[in-house]
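Comments concern the structure below.
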Amino acid sequence: MPNRANMKLECNFFTGSARILNQETTMDAIRDLAKETGREDPFYVLDIGDIVQKIKIWRLKMPRVKPFYAVKCNDNQTVLELLAALGTGFDCASKAEIKKILDLGVDRSRIIYAHPCKPASHLRYAAKEDVSLMTFDNETELHKVKAYYPNAQLVLRIRCDAEDSQCPLGIKFGALPEDAGALLATARALDLNIVGVSFHVGSGCREPSVFQRAIATARQVFDEAQELGFKPNLLDIGGGFPGTRNNTLDEIAEYVNNSLDEHFPEGCGVKVIAEPGRYVVASAFTLATYVMAKREVCDDNGTFLSAMYYINDGVYGSFNCTLYDHQEVYPVLLEDKGPEESYTPCSIWGPTCDGLDQVVSEAKLPQLACGDWLVWPEMGAYTLVAAGSFNGFPLPSVHVVVPHHTWLYLEEFMGSVVNFKQIDGACVMMGSSENDQQQLHESGSGSSSLTTRW
Ligand code: PLP
(Lines give C-alpha, C1' and ligand atoms only; values in the text may rest on other atoms or scores of the structure.)
Protein backbone atom coordinates (compact mmCIF):
# COMPACT_ATOMS: atom_id res chain seq x y z
CA MET A 1 0.00 0.00 0.00
CA PRO A 2 1.27 3.49 -0.71
CA ASN A 3 2.46 5.58 2.14
CA ARG A 4 -0.01 8.43 1.95
CA ALA A 5 2.24 10.81 3.83
CA ASN A 6 4.84 10.46 1.09
CA MET A 7 2.40 10.33 -1.77
CA LYS A 8 3.03 12.96 -4.38
CA LEU A 9 0.20 14.71 -6.14
CA GLU A 10 1.25 13.03 -9.35
CA CYS A 11 0.69 9.29 -9.42
CA ASN A 12 0.57 6.71 -12.14
CA PHE A 13 -2.85 5.41 -12.96
CA PHE A 14 -2.17 2.04 -14.51
CA THR A 15 -0.12 2.79 -17.61
CA GLY A 16 -0.48 6.57 -17.56
CA SER A 17 0.08 9.24 -14.97
CA ALA A 18 -2.66 10.90 -13.00
CA ARG A 19 -2.93 13.83 -10.71
CA ILE A 20 -4.76 13.37 -7.42
CA LEU A 21 -7.10 16.28 -6.72
CA ASN A 22 -7.45 17.18 -3.06
CA GLN A 23 -9.68 20.23 -2.80
CA GLU A 24 -9.24 21.13 -6.46
CA THR A 25 -11.60 20.54 -9.34
CA THR A 26 -11.25 19.67 -13.00
CA MET A 27 -11.31 23.42 -13.77
CA ASP A 28 -8.37 23.97 -11.39
CA ALA A 29 -6.45 21.20 -13.15
CA ILE A 30 -7.22 22.81 -16.53
CA ARG A 31 -6.10 26.18 -15.22
CA ASP A 32 -2.78 24.73 -14.05
CA LEU A 33 -2.20 22.88 -17.33
CA ALA A 34 -3.14 25.91 -19.43
CA LYS A 35 -0.63 28.02 -17.52
CA GLU A 36 2.26 25.73 -18.45
CA THR A 37 4.77 27.63 -20.52
CA GLY A 38 4.32 27.39 -24.24
CA ARG A 39 1.17 25.27 -24.08
CA GLU A 40 -0.99 25.99 -27.07
CA ASP A 41 -2.35 22.60 -28.08
CA PRO A 42 -5.83 21.45 -27.03
CA PHE A 43 -6.06 18.96 -24.19
CA TYR A 44 -8.57 16.92 -22.24
CA VAL A 45 -8.85 16.41 -18.53
CA LEU A 46 -10.27 12.97 -17.78
CA ASP A 47 -11.83 12.65 -14.33
CA ILE A 48 -11.65 9.02 -13.23
CA GLY A 49 -13.98 9.84 -10.35
CA ASP A 50 -16.78 10.60 -12.78
CA ILE A 51 -16.57 7.12 -14.31
CA VAL A 52 -16.39 5.36 -10.95
CA GLN A 53 -19.44 7.32 -9.87
CA LYS A 54 -21.31 6.40 -13.06
CA ILE A 55 -20.64 2.70 -12.54
CA LYS A 56 -21.77 2.94 -8.92
CA ILE A 57 -25.00 4.64 -9.95
CA TRP A 58 -25.58 2.07 -12.68
CA ARG A 59 -25.26 -0.78 -10.19
CA LEU A 60 -27.58 0.97 -7.80
CA LYS A 61 -30.25 1.75 -10.40
CA MET A 62 -30.10 -1.38 -12.56
CA PRO A 63 -28.52 -4.08 -10.40
CA ARG A 64 -29.60 -6.89 -12.70
CA VAL A 65 -28.00 -5.40 -15.80
CA LYS A 66 -24.26 -5.88 -16.27
CA PRO A 67 -22.69 -3.12 -18.39
CA PHE A 68 -20.50 -4.17 -21.32
CA TYR A 69 -18.84 -0.84 -22.14
CA ALA A 70 -19.03 0.06 -25.86
CA VAL A 71 -15.35 0.57 -26.69
CA LYS A 72 -16.22 2.47 -29.88
CA CYS A 73 -17.43 5.39 -27.79
CA ASN A 74 -13.99 6.23 -26.39
CA ASP A 75 -11.11 3.78 -26.43
CA ASN A 76 -8.83 5.75 -24.11
CA GLN A 77 -6.46 3.31 -22.45
CA THR A 78 -7.01 4.60 -18.91
CA VAL A 79 -10.77 4.29 -19.31
CA LEU A 80 -10.45 0.71 -20.52
CA GLU A 81 -8.01 -0.23 -17.76
CA LEU A 82 -10.25 1.32 -15.12
CA LEU A 83 -13.33 -0.49 -16.39
CA ALA A 84 -11.42 -3.76 -16.65
CA ALA A 85 -10.44 -3.38 -13.00
CA LEU A 86 -14.01 -2.47 -12.02
CA GLY A 87 -15.20 -5.72 -13.57
CA THR A 88 -17.42 -4.49 -16.41
CA GLY A 89 -17.69 -6.35 -19.70
CA PHE A 90 -16.86 -4.86 -23.10
CA ASP A 91 -18.78 -4.45 -26.35
CA CYS A 92 -16.29 -4.63 -29.21
CA ALA A 93 -17.06 -3.77 -32.83
CA SER A 94 -13.97 -5.12 -34.57
CA LYS A 95 -10.85 -7.22 -34.38
CA ALA A 96 -8.79 -4.25 -33.18
CA GLU A 97 -11.18 -3.51 -30.34
CA ILE A 98 -11.28 -7.16 -29.29
CA LYS A 99 -7.49 -7.27 -29.31
CA LYS A 100 -7.29 -4.11 -27.24
CA ILE A 101 -9.46 -5.65 -24.55
CA LEU A 102 -7.80 -9.08 -24.59
CA ASP A 103 -4.43 -7.33 -24.27
CA LEU A 104 -5.63 -5.90 -20.97
CA GLY A 105 -5.87 -9.44 -19.63
CA VAL A 106 -9.67 -9.37 -19.64
CA ASP A 107 -11.23 -12.81 -20.00
CA ARG A 108 -12.96 -13.49 -23.34
CA SER A 109 -16.19 -14.23 -21.47
CA ARG A 110 -16.41 -10.51 -20.68
CA ILE A 111 -16.54 -9.54 -24.37
CA ILE A 112 -19.46 -9.36 -26.76
CA TYR A 113 -18.58 -8.85 -30.41
CA ALA A 114 -21.59 -6.62 -30.99
CA HIS A 115 -21.41 -5.87 -34.69
CA PRO A 116 -24.11 -7.58 -36.74
CA CYS A 117 -22.06 -7.40 -39.98
CA LYS A 118 -18.50 -8.65 -39.52
CA PRO A 119 -15.61 -8.88 -41.99
CA ALA A 120 -14.57 -12.53 -42.46
CA SER A 121 -11.05 -11.91 -41.15
CA HIS A 122 -12.42 -10.36 -37.95
CA LEU A 123 -14.71 -13.33 -37.50
CA ARG A 124 -11.77 -15.71 -37.97
CA TYR A 125 -9.85 -13.71 -35.37
CA ALA A 126 -12.77 -14.01 -32.93
CA ALA A 127 -12.78 -17.77 -33.58
CA LYS A 128 -9.02 -18.00 -33.02
CA GLU A 129 -9.30 -16.14 -29.72
CA ASP A 130 -12.52 -17.95 -28.82
CA VAL A 131 -14.47 -14.75 -28.31
CA SER A 132 -17.70 -16.54 -28.97
CA LEU A 133 -20.52 -14.19 -27.98
CA MET A 134 -21.62 -12.09 -30.97
CA THR A 135 -24.63 -10.42 -32.52
CA PHE A 136 -26.14 -10.88 -35.97
CA ASP A 137 -29.26 -9.60 -37.72
CA ASN A 138 -29.33 -11.16 -41.20
CA GLU A 139 -29.12 -14.44 -43.05
CA THR A 140 -25.82 -13.72 -44.86
CA GLU A 141 -24.13 -13.36 -41.50
CA LEU A 142 -25.45 -16.74 -40.40
CA HIS A 143 -23.78 -18.41 -43.38
CA LYS A 144 -20.57 -16.52 -42.66
CA VAL A 145 -20.63 -17.63 -39.04
CA LYS A 146 -21.30 -21.20 -40.17
CA ALA A 147 -18.19 -21.02 -42.36
CA TYR A 148 -15.79 -19.36 -39.93
CA TYR A 149 -17.05 -19.90 -36.39
CA PRO A 150 -19.79 -22.54 -36.23
CA ASN A 151 -19.55 -22.76 -32.42
CA ALA A 152 -20.22 -19.06 -31.91
CA GLN A 153 -22.87 -18.06 -29.39
CA LEU A 154 -25.26 -15.98 -31.43
CA VAL A 155 -27.39 -13.11 -30.21
CA LEU A 156 -30.13 -11.99 -32.59
CA ARG A 157 -30.30 -8.19 -32.76
CA ILE A 158 -33.82 -6.99 -33.35
CA ARG A 159 -34.93 -3.53 -34.32
CA CYS A 160 -36.87 -1.38 -31.89
CA ASP A 161 -36.31 2.34 -32.35
CA ALA A 162 -36.95 5.12 -29.87
CA GLU A 163 -39.31 7.71 -31.32
CA ASP A 164 -36.60 10.29 -30.69
CA SER A 165 -32.87 9.80 -30.26
CA GLN A 166 -29.66 11.72 -30.92
CA CYS A 167 -28.38 9.02 -33.31
CA PRO A 168 -30.95 6.53 -34.58
CA LEU A 169 -29.37 3.19 -35.46
CA GLY A 170 -32.37 1.14 -36.63
CA ILE A 171 -32.02 2.42 -40.17
CA LYS A 172 -28.83 0.33 -40.45
CA PHE A 173 -29.10 -2.59 -38.03
CA GLY A 174 -31.62 -4.85 -36.36
CA ALA A 175 -33.92 -7.49 -37.81
CA LEU A 176 -37.59 -6.60 -37.83
CA PRO A 177 -39.29 -8.67 -35.11
CA GLU A 178 -41.57 -10.22 -37.77
CA ASP A 179 -38.47 -11.54 -39.59
CA ALA A 180 -36.94 -13.06 -36.47
CA GLY A 181 -38.70 -16.43 -36.92
CA ALA A 182 -37.21 -17.00 -40.37
CA LEU A 183 -33.71 -16.11 -39.15
CA LEU A 184 -34.04 -18.43 -36.18
CA ALA A 185 -35.22 -21.21 -38.49
CA THR A 186 -32.18 -20.69 -40.74
CA ALA A 187 -29.91 -20.81 -37.70
CA ARG A 188 -31.59 -24.07 -36.69
CA ALA A 189 -31.15 -25.52 -40.18
CA LEU A 190 -27.45 -24.55 -40.10
CA ASP A 191 -27.09 -26.13 -36.66
CA LEU A 192 -25.95 -22.82 -35.14
CA ASN A 193 -26.32 -21.83 -31.52
CA ILE A 194 -28.71 -18.99 -30.65
CA VAL A 195 -28.12 -17.86 -27.07
CA GLY A 196 -29.99 -14.59 -26.84
CA VAL A 197 -31.60 -11.45 -28.17
CA SER A 198 -30.31 -7.87 -28.31
CA PHE A 199 -31.50 -4.46 -29.43
CA HIS A 200 -30.25 -0.88 -29.55
CA VAL A 201 -32.98 1.73 -29.26
CA GLY A 202 -30.76 4.52 -30.62
CA SER A 203 -27.86 6.40 -29.08
CA GLY A 204 -28.83 9.32 -26.87
CA CYS A 205 -32.34 7.91 -26.43
CA ARG A 206 -34.98 10.56 -25.73
CA GLU A 207 -37.90 8.20 -25.25
CA PRO A 208 -37.25 6.18 -22.07
CA SER A 209 -40.42 4.08 -22.47
CA VAL A 210 -38.99 2.47 -25.63
CA PHE A 211 -37.13 0.07 -23.31
CA GLN A 212 -40.50 -1.30 -22.20
CA ARG A 213 -41.50 -1.97 -25.82
CA ALA A 214 -38.13 -3.42 -26.72
CA ILE A 215 -37.91 -5.79 -23.74
CA ALA A 216 -41.46 -7.03 -24.40
CA THR A 217 -40.57 -7.67 -28.05
CA ALA A 218 -37.37 -9.44 -27.05
CA ARG A 219 -39.47 -11.73 -24.86
CA GLN A 220 -41.55 -12.73 -27.90
CA VAL A 221 -38.40 -13.53 -29.85
CA PHE A 222 -37.10 -15.56 -26.88
CA ASP A 223 -40.32 -17.57 -26.99
CA GLU A 224 -39.96 -18.17 -30.73
CA ALA A 225 -36.38 -19.33 -30.23
CA GLN A 226 -37.45 -21.69 -27.47
CA GLU A 227 -40.19 -23.12 -29.68
CA LEU A 228 -37.50 -23.96 -32.22
CA GLY A 229 -35.51 -25.83 -29.58
CA PHE A 230 -32.96 -23.17 -28.66
CA LYS A 231 -32.23 -22.39 -25.02
CA PRO A 232 -31.61 -18.62 -25.02
CA ASN A 233 -30.22 -17.27 -21.76
CA LEU A 234 -28.95 -13.77 -22.61
CA LEU A 235 -30.82 -10.49 -23.04
CA ASP A 236 -28.72 -7.56 -24.25
CA ILE A 237 -30.52 -4.21 -23.91
CA GLY A 238 -27.89 -2.29 -25.90
CA GLY A 239 -26.97 1.37 -25.41
CA GLY A 240 -28.84 4.66 -25.56
CA PHE A 241 -28.35 5.75 -21.94
CA PRO A 242 -27.74 9.47 -21.26
CA GLY A 243 -24.21 10.74 -20.71
CA THR A 244 -24.73 14.26 -19.44
CA ARG A 245 -24.79 15.14 -15.76
CA ASN A 246 -28.18 16.85 -15.88
CA ASN A 247 -29.84 13.77 -17.35
CA THR A 248 -30.23 10.92 -14.90
CA LEU A 249 -30.64 7.22 -15.48
CA ASP A 250 -33.77 7.14 -13.30
CA GLU A 251 -36.51 7.13 -15.89
CA ILE A 252 -34.92 4.54 -18.17
CA ALA A 253 -33.97 2.40 -15.15
CA GLU A 254 -37.58 2.32 -14.00
CA TYR A 255 -38.81 1.10 -17.39
CA VAL A 256 -35.99 -1.43 -17.64
CA ASN A 257 -36.43 -2.84 -14.13
CA ASN A 258 -40.21 -3.09 -14.37
CA SER A 259 -40.06 -4.71 -17.80
CA LEU A 260 -37.42 -7.19 -16.66
CA ASP A 261 -39.60 -8.09 -13.67
CA GLU A 262 -42.53 -8.68 -16.00
CA HIS A 263 -40.85 -10.53 -18.86
CA PHE A 264 -37.58 -11.88 -17.46
CA PRO A 265 -38.17 -12.21 -13.71
CA GLU A 266 -35.27 -12.84 -11.40
CA GLY A 267 -34.43 -16.51 -11.26
CA CYS A 268 -35.63 -17.17 -14.83
CA GLY A 269 -32.09 -18.08 -15.83
CA VAL A 270 -31.60 -15.19 -18.23
CA LYS A 271 -28.51 -13.02 -17.80
CA VAL A 272 -29.09 -9.37 -18.69
CA ILE A 273 -26.37 -7.14 -20.11
CA ALA A 274 -26.25 -3.69 -21.74
CA GLU A 275 -23.76 -1.90 -24.00
CA PRO A 276 -23.51 1.63 -22.60
CA GLY A 277 -21.00 3.95 -24.25
CA ARG A 278 -22.06 7.57 -23.85
CA TYR A 279 -23.33 6.99 -20.31
CA VAL A 280 -19.93 5.85 -19.06
CA VAL A 281 -17.61 8.47 -20.55
CA ALA A 282 -19.42 11.60 -21.78
CA SER A 283 -19.16 13.71 -18.64
CA ALA A 284 -15.74 12.41 -17.56
CA PHE A 285 -13.88 14.28 -20.31
CA THR A 286 -13.52 18.08 -20.39
CA LEU A 287 -11.80 19.65 -23.38
CA ALA A 288 -9.69 22.81 -23.17
CA THR A 289 -9.07 24.79 -26.35
CA TYR A 290 -7.01 27.86 -27.00
CA VAL A 291 -8.01 30.93 -29.02
CA MET A 292 -5.28 31.04 -31.67
CA ALA A 293 -6.67 33.77 -33.93
CA LYS A 294 -9.50 36.27 -34.11
CA ARG A 295 -11.27 38.44 -36.70
CA GLU A 296 -13.89 41.09 -36.30
CA VAL A 297 -16.91 41.39 -38.56
CA CYS A 298 -18.07 45.00 -39.03
CA ASP A 299 -20.83 46.64 -41.04
CA ASP A 300 -20.13 49.12 -43.89
CA ASN A 301 -19.70 51.91 -41.35
CA GLY A 302 -17.07 50.00 -39.46
CA THR A 303 -19.37 49.25 -36.54
CA PHE A 304 -18.55 45.99 -34.77
CA LEU A 305 -21.09 43.24 -35.44
CA SER A 306 -19.47 40.07 -34.18
CA ALA A 307 -16.18 38.33 -33.55
CA MET A 308 -14.84 35.20 -35.22
CA TYR A 309 -12.66 33.14 -32.89
CA TYR A 310 -10.40 30.42 -34.27
CA ILE A 311 -9.59 27.71 -31.75
CA ASN A 312 -7.09 24.87 -31.96
CA ASP A 313 -9.59 21.99 -32.21
CA GLY A 314 -12.43 21.72 -34.69
CA VAL A 315 -14.82 19.47 -36.57
CA TYR A 316 -11.95 17.44 -38.02
CA GLY A 317 -10.79 16.84 -34.43
CA SER A 318 -12.88 16.49 -31.27
CA PHE A 319 -15.80 18.46 -32.64
CA ASN A 320 -16.49 15.83 -35.29
CA CYS A 321 -19.15 14.96 -32.70
CA THR A 322 -21.21 17.95 -33.87
CA LEU A 323 -21.47 16.34 -37.33
CA TYR A 324 -21.44 12.58 -36.72
CA ASP A 325 -22.97 12.41 -33.27
CA HIS A 326 -25.29 15.43 -33.58
CA GLN A 327 -23.93 16.79 -30.34
CA GLU A 328 -24.62 20.31 -29.19
CA VAL A 329 -21.51 21.79 -27.66
CA TYR A 330 -21.14 24.85 -25.47
CA PRO A 331 -18.06 26.68 -24.24
CA VAL A 332 -17.31 27.75 -20.70
CA LEU A 333 -14.81 30.48 -19.87
CA LEU A 334 -11.72 29.41 -18.00
CA GLU A 335 -11.35 32.84 -16.43
CA ASP A 336 -14.05 35.27 -15.38
CA LYS A 337 -14.26 38.08 -17.94
CA GLY A 338 -16.79 40.42 -16.35
CA PRO A 339 -20.59 40.69 -16.39
CA GLU A 340 -22.67 38.95 -19.05
CA GLU A 341 -24.12 42.30 -20.17
CA SER A 342 -20.77 43.05 -21.77
CA TYR A 343 -20.81 39.85 -23.84
CA THR A 344 -20.91 40.29 -27.61
CA PRO A 345 -22.00 38.05 -30.52
CA CYS A 346 -19.43 35.68 -31.95
CA SER A 347 -18.87 32.48 -33.87
CA ILE A 348 -16.24 29.85 -33.10
CA TRP A 349 -14.21 28.08 -35.75
CA GLY A 350 -11.78 25.16 -35.91
CA PRO A 351 -8.15 25.53 -36.96
CA THR A 352 -8.22 24.03 -40.48
CA CYS A 353 -8.53 25.86 -43.81
CA ASP A 354 -11.96 24.35 -44.47
CA GLY A 355 -15.05 26.58 -44.30
CA LEU A 356 -17.03 23.65 -42.94
CA ASP A 357 -14.86 23.71 -39.85
CA GLN A 358 -17.20 25.75 -37.68
CA VAL A 359 -17.72 24.69 -34.06
CA VAL A 360 -20.42 27.15 -32.92
CA SER A 361 -22.32 29.34 -35.36
CA GLU A 362 -23.75 31.82 -32.85
CA ALA A 363 -22.72 32.52 -29.29
CA LYS A 364 -22.39 35.43 -26.91
CA LEU A 365 -19.05 35.71 -25.16
CA PRO A 366 -16.89 38.44 -23.68
CA GLN A 367 -14.26 39.85 -26.00
CA LEU A 368 -11.58 37.18 -26.12
CA ALA A 369 -7.92 37.63 -26.97
CA CYS A 370 -5.48 35.24 -28.60
CA GLY A 371 -4.20 32.97 -25.85
CA ASP A 372 -7.51 32.81 -23.95
CA TRP A 373 -8.80 29.32 -23.22
CA LEU A 374 -12.32 28.01 -23.78
CA VAL A 375 -13.45 24.91 -21.92
CA TRP A 376 -15.94 22.36 -23.29
CA PRO A 377 -17.59 20.10 -20.73
CA GLU A 378 -18.97 16.60 -21.35
CA MET A 379 -16.87 15.82 -24.40
CA GLY A 380 -16.05 12.16 -23.73
CA ALA A 381 -18.45 10.41 -26.10
CA TYR A 382 -17.71 9.93 -29.80
CA THR A 383 -15.09 12.69 -29.93
CA LEU A 384 -11.45 11.57 -29.82
CA VAL A 385 -12.21 8.14 -31.32
CA ALA A 386 -13.28 9.67 -34.62
CA ALA A 387 -10.88 12.63 -34.66
CA GLY A 388 -8.12 13.13 -37.23
CA SER A 389 -5.23 15.56 -37.64
CA PHE A 390 -6.38 17.17 -40.91
CA ASN A 391 -4.15 20.12 -41.93
CA GLY A 392 -1.53 18.86 -39.51
CA PHE A 393 -3.24 19.98 -36.31
CA PRO A 394 -2.48 17.54 -33.48
CA LEU A 395 -5.09 15.63 -31.54
CA PRO A 396 -5.60 16.77 -27.96
CA SER A 397 -3.62 15.01 -25.25
CA VAL A 398 -5.48 13.48 -22.28
CA HIS A 399 -4.54 14.32 -18.69
CA VAL A 400 -5.99 12.07 -16.01
CA VAL A 401 -7.16 13.37 -12.65
CA VAL A 402 -8.44 11.39 -9.67
CA PRO A 403 -10.38 13.14 -6.90
CA HIS A 404 -8.78 12.22 -3.59
CA HIS A 405 -11.93 10.53 -2.28
CA THR A 406 -12.09 8.38 -5.44
CA TRP A 407 -8.47 7.46 -5.00
CA LEU A 408 -9.12 6.30 -1.44
CA TYR A 409 -12.17 4.42 -2.62
CA LEU A 410 -10.27 2.67 -5.39
CA GLU A 411 -7.50 1.88 -2.98
CA GLU A 412 -10.01 0.25 -0.62
CA PHE A 413 -11.97 -1.45 -3.37
CA MET A 414 -9.06 -2.65 -5.43
CA GLY A 415 -6.45 -3.00 -2.74
CA SER A 416 -6.72 -6.79 -2.87
CA VAL A 417 -6.67 -7.03 -6.64
CA VAL A 418 -4.31 -4.27 -7.63
CA ASN A 419 -0.73 -3.92 -6.53
CA PHE A 420 0.03 -0.46 -5.26
CA LYS A 421 3.70 0.28 -5.46
CA GLN A 422 5.88 3.13 -4.37
CA ILE A 423 8.19 4.08 -7.21
CA ASP A 424 10.36 7.12 -6.66
CA GLY A 425 7.89 8.41 -4.11
CA ALA A 426 4.99 8.32 -6.58
CA CYS A 427 2.14 5.87 -6.39
CA VAL A 428 1.79 3.30 -9.13
CA MET A 429 -1.17 1.04 -9.55
CA MET A 430 -0.52 -2.18 -11.40
CA GLY A 431 -3.37 -3.65 -13.44
CA SER A 432 -5.33 -6.55 -12.03
CA SER A 433 -5.39 -10.02 -13.48
CA GLU A 434 -8.49 -12.01 -14.31
CA ASN A 435 -7.81 -14.32 -11.35
CA ASP A 436 -7.65 -11.38 -9.03
CA GLN A 437 -10.93 -10.11 -10.43
CA GLN A 438 -12.47 -13.49 -9.81
CA GLN A 439 -11.21 -13.46 -6.24
CA LEU A 440 -12.62 -10.02 -5.71
CA HIS A 441 -16.03 -11.00 -6.97
CA GLU A 442 -16.03 -14.24 -5.05
CA SER A 443 -14.81 -12.67 -1.83
CA GLY A 444 -17.88 -10.39 -2.01
CA SER A 445 -16.49 -8.17 0.69
CA GLY A 446 -19.73 -6.22 0.43
CA SER A 447 -18.32 -3.00 1.85
CA SER A 448 -18.72 -1.28 -1.48
CA SER A 449 -21.48 -1.20 -4.05
CA LEU A 450 -18.87 -2.02 -6.69
CA THR A 451 -17.99 -5.34 -5.16
CA THR A 452 -21.49 -6.76 -5.56
CA ARG A 453 -21.58 -9.60 -8.04
CA TRP A 454 -23.27 -8.73 -11.31
N1 PLP B 1 -23.76 -0.93 -28.99
C2 PLP B 1 -23.77 -0.76 -30.31
C3 PLP B 1 -23.92 -1.96 -31.17
C4 PLP B 1 -23.64 0.52 -30.86
O5 PLP B 1 -23.64 0.67 -32.20
C6 PLP B 1 -23.47 1.63 -30.00
C7 PLP B 1 -23.35 2.98 -30.51
O8 PLP B 1 -23.31 3.23 -31.69
C9 PLP B 1 -23.43 1.37 -28.62
C10 PLP B 1 -23.60 0.10 -28.14
C11 PLP B 1 -23.23 2.48 -27.62
O12 PLP B 1 -24.36 3.26 -27.56
P13 PLP B 1 -24.48 4.46 -26.54
O14 PLP B 1 -23.28 5.29 -26.65
O15 PLP B 1 -25.73 5.14 -26.91
O16 PLP B 1 -24.61 3.86 -25.17
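The table that follows gives values for the structure above.
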item	result
Near pairs, Cβ below 6 angstrom, 6+ apart or cross-chain, from region 332-350 (under 9 Å from LYS364 (Cα atoms)) to any residue that is among the aliphatic types (A, V, I, L, M) and surrounded by 15 or more Cβ atoms within 10 Å (Cβ to Cβ)	TYR343/LEU365; CYS346/ALA307; CYS346/ALA363; CYS346/LEU365
Odd one out for ILE237 among (1) within 21 Å of ILE112 (Cβ to Cβ); (2) within 16 Å of the ligand (Cβ to nearest atom); (3) touching a Leu at 6+ places or on another chain (Cβ under 8 Å)	(3)
Pair list, Cβ < 7 Å and 6+ apart or interchain, from region 154-179 residues that are free of Cβ contacts under 8 Å to residues at least 60 places away in the same chain and farther than 23 Å from HIS143 by Cβ to residues that are in a loop (DSSP other than H, G, I, E, B) and within 10 Å of the ligand (Cβ to nearest atom)	CYS160/VAL201; ASP161/VAL201; ASP161/GLY202; PRO168/GLY202; LEU169/HIS200; LEU169/GLY202; GLY170/GLY202
Yes/no for LEU249 being within 15 Å of the ligand (Cβ to nearest atom), touching a helix residue (DSSP H, G or I) at 6+ places or on another chain (Cβ under 8 Å), under 22 Å from ALA187 (Cβ atoms) and not hydroxyl-bearing (Ser, Thr, Tyr)	no
Subset of region 368-382 [part of a loop (DSSP other than H, G, I, E, B) and buried (at least 16 other Cβ atoms within 10 Å of the Cβ)]	LEU368, ASP372, PRO377, GLU378, MET379, GLY380, ALA381, TYR382
Verdict on VAL385 being assigned to a helix (DSSP H, G or I) and touching a helix residue (DSSP H, G or I) at 6+ places or on another chain (Cβ under 7 Å)	yes
Residues being in contact with a Phe, Trp or Tyr (Cβ under 8 Å, 6 or more places away or on another chain) and under 13 Å from GLN367 (Cα atoms) - total across region 298-309	2
PRO208 being in contact with a helix residue (DSSP H, G or I) (Cβ under 7 Å, 6 or more places away or on another chain), free of Cβ contacts under 8 Å to residues at least 60 places away in the same chain and within 16 Å of the ligand (Cβ to nearest atom)	yes
Residues of region 278-335 that turn out to be among the hydroxyl-bearing types (Ser, Thr, Tyr) and within 24 Å of VAL79 (Cβ to Cβ), as a count	9
Test set (1) out of contact with any helix residue (DSSP H, G or I) (no Cβ under 6 Å at 6 or more places or on another chain); (2) part of a strand (DSSP E or B) - VAL402 fails condition number	(1)
Residue tally, condition among the charged types (D, E, K, R), surrounded by 19 or more Cβ atoms within 10 Å (Cβ to Cβ) and not in a loop (DSSP other than H, G, I, E, B), over region 153-183	1
Any hit, region 225-234, residues being surrounded by fewer than 24 Cβ atoms within 10 Å (Cβ to Cβ), aromatic (Phe, Trp, Tyr) and not in a strand (DSSP E or B)	yes
Filtered residues of region 82-128 (kept if without any contact (Cβ under 8 Å) to a residue 60 or more places away in the chain and among the small types (Gly, Ala, Ser))	ALA93, SER94, ALA96, SER109, ALA120, SER121, ALA126, ALA127
Condition check for GLY38: surrounded by fewer than 22 Cβ atoms within 10 Å (Cβ to Cβ), without any contact (Cβ under 8 Å) to a residue 12 or more places away in the chain, small (Gly, Ala, Ser) and out of contact with any Gly (no Cβ under 8 Å at 6 or more places or on another chain)	yes
Condition broken by PRO150, with the remaining ones in (1) assigned to a loop (DSSP other than H, G, I, E, B); (2) within 16 Å of the ligand (Cβ to nearest atom) satisfied	(2)
Condition met for THR289 (modelled with pLDDT of 95 or more, away from the ligand (no atom under 13 Å from the Cβ), under 26 Å from the mean Cα position of the chain (by Cα) and within 30 Å of GLY355 (Cβ to Cβ))	yes
Selection from region 162-205 of residues that are more than 11 Å from the ligand (Cβ to nearest atom), out of contact with any strand residue (DSSP E or B) (no Cβ under 7 Å at 6 or more places or on another chain) and more than 28 Å from ARG245 (Cα to Cα)	ILE171, LEU176, GLU178, ASP179, GLY181, ALA182, ALA185, THR186, ARG188, ALA189, LEU190, ASP191
Within region 177-199, considering residues that are within 19 Å of ASP161 (Cα to Cα) and among the hydrophobic types (A, V, I, L, M, F, W, C), the one farthest from the chain's Cα centre (by Cα)	ALA180
Filter result (aliphatic (A, V, I, L, M) and touching a residue at least 12 places away in the same chain (Cβ under 8 Å)) within region 285-324	LEU287, ALA288, VAL291, MET292, ALA293, LEU305, ALA307, MET308, ILE311, VAL315
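The values are calculated or read from the model by the stated rules, or taken from the named source; none is laboratory data. Being a predicted model, the structure only gives us computed values, none of them experimental. Note that each Cβ is placed from the backbone with ideal geometry, even for glycine, and that neighbours are counted across all protein chains shown.
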